[in-house]
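Structure, as structure tokens:
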Amino acid sequence: MDQHIQTTEALKKQALEDLERVEDEKSLEEFYNRHLAKKGKISALMTLIGMVADKAAFGAAVNSARQAVTAAFEQKKAALAAKALENKLKNDRIDLTLPGEPTPIGHINPYRLIIDEVTDIFLDMGYEVCEGRDVETDRFNFELLNVPKDHPSRDMQDTFYFGDDFLLRTQTSAAQAHRMCEAEEKRPIRMIAPGKAYRRDDDDMTHSHQFAQIEGLVVDKGISIAHLKATLELFAKKMFGQKREIRLRSSYFPFTEPSVEVDVSCFNCGGKGCAMCKGTGWIEILGAGMVNPRVLEACGYDPEVYSGFAFGVGVERVAMLRYGIDDIRRFYQNDFRFLKDFPIK
Ligand code: DAH
């Protein structure tokens, strides 16, 4: 074989061996410069062309050497890139089994849990939920509810006034009056209105100047006290257990006639008598009554056609009984140690 072709073959062999030792991108670049670049060894072979006899055979040999080395170089380049990617993936791998950074989650105040529970019970019975408003007018908080300006029962509900007409509502009952007055057509109503109420009070274990109530109102044709009793009995059973019973005691509220206090048989002792029910077997849970015809009339419902019942539940009281909370002030002190005892739903 022509000596120059032999030299070409040798150069090719050496280049391929050289390539075997290349292990990173830097040495790959050096390899390229040494062998394949314009000034590299393979190109340099062409300077010999003047000395060879069979120029065509030599040219072909140089070309095939260049092609072989170039192909091997490309292969190496791809292999190095794949390896680099693999390393990167290996090093950057995220361990999904590691626990994440815990984000502190707040807890729901227990009085909210009670509101949600009561709301669910009445939603199941087809009631709508009305929001009411915290700042009320004298008219909605008192007058439409049959408590005129000079009525003595106002004394029990002294509150925070803004001028003569506006006040922080003393009772969610104001929401009843709104619902009735705002009904464009005087159609039947089944509503509850959970929310805050405010009264001037000296705070202690059982009194708070702010508290929550859930108001209920049903207005329809032919509503009697039997509907009131059946509804509240169902509510008491769902809230405090299937075995509970209720009893109605006569009472007084200006906006209902007749008015009752509703007791539930003690869910702690089952009615035998214990510390929770103060030995009586009964626990008072809410006030209720048949909507006073004067209220219906004042709010635009004809009392000759419509009748209704209403009730008001003290939320904190129910929460205190349910969760064994000893002091009403805990609901409003934002002490995380207290709040964290209650589950997040
Ligand atoms: N508003 C009354 C209160 O704050 C509770 C109440 C009693 C509401 C009887 C009613 C009701 O709707 O019928 O003490």
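The values are calculated or read from the model by the stated rules, or taken from the named source; none is laboratory data. Owing to the predicted nature of the structure, the values given are computational and were not obtained by experimental measurement. Because the Cβ atoms are built from the backbone with ideal geometry, glycine has one as well, and the counts that use them run over all protein chains shown. When the accessible area is computed, the model is the full protein with side chains, heavy atoms only, and any ligands, DNA or RNA have been set aside. Shrake-Rupley method; radii C 1.70, N 1.55, O 1.52, S 1.80 Å.
Data overview
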read-out	value
Residue within the stretch 204-223 that is more than 14 Å from the ligand (Cβ to nearest atom), modelled with pLDDT of 95 or more and small (Gly, Ala, Ser) present	yes
Residues being open to solvent by less than 60 Å² (accessible area, probe 1.4 Å) and more than 13 Å from the ligand (Cβ to nearest atom) - total across the stretch 194-203	0
Some residue of the stretch 226-239 being open to solvent by less than 20 Å² (accessible area, probe 1.4 Å), touching a strand residue (DSSP E or B) at 6+ places or on another chain (Cβ under 9 Å) and more than 30 Å from Glu297 (Cα to Cα)	yes
Residue within the stretch 75-87 that is out of contact with any strand residue (DSSP E or B) (no Cβ under 6 Å at 6 or more places or on another chain) and either under 30 Å from Arg337 (Cα atoms) or among the β-branched types (Val, Ile, Thr) (or both) present	no
Flag for Phe331 being under 17 Å from Ile115 (Cα atoms) and either in contact (Cβ under 8 Å) with a residue 12 or more places away in the chain or within 25 Å of the chain's Cα centre (by Cα) (or both)	yes
Hey, Tyr161 within 16 Å of the ligand (Cβ to nearest atom) and either in contact (Cβ under 8 Å) with a residue 60 or more places away in the chain or farther than 23 Å from Glu316 by Cα (or both) or not	no
In the stretch 67-88, residue farthest from Asp24 (Cα to Cα) [restricted to those that are touching a residue at least 40 places away in the same chain (Cβ under 8 Å) and more than 56 Å from the chain's Cα centre (by Cα)]	Ala68
Hits in the stretch 39-64 (condition: in a helix (DSSP H, G or I), in contact (Cβ under 8 Å) with a residue 24 or more places away in the chain and open to solvent by 60 Å² or more (accessible area, probe 1.4 Å))	Lys41, Met51
Looking only at the stretch 86-141, and only at residues there that are open to solvent by 100 Å² or more (accessible area, probe 1.4 Å) and outside any loop (DSSP other than H, G, I, E, B), the one that is nearest to Met239 (Cα to Cα)	Asp124
Selected residue (only one of Ala212, Ala197, Ala230, Ala226 is without any contact (Cβ under 8 Å) to a residue 40 or more places away in the chain and closer than 17 Å to Arg317 by Cα)	Ala197
Residue among Leu145, Leu167 that is in contact with a Pro (Cβ under 7 Å, 6 or more places away or on another chain), in contact (Cβ under 8 Å) with a residue 24 or more places away in the chain and within 15 Å of the ligand (Cβ to nearest atom)	Leu145
Members of the stretch 204-225 that are open to solvent by less than 20 Å² (accessible area, probe 1.4 Å) and either among the charged types (D, E, K, R) or farther than 16 Å from Phe331 by Cα (or both)	Ile214, Glu215, Gly216, Leu217, Val218, Val219
Residue count for the stretch 17-26, restricted to those that are in a helix (DSSP H, G or I) and surrounded by fewer than 16 Cβ atoms within 10 Å (Cβ to Cβ)	5
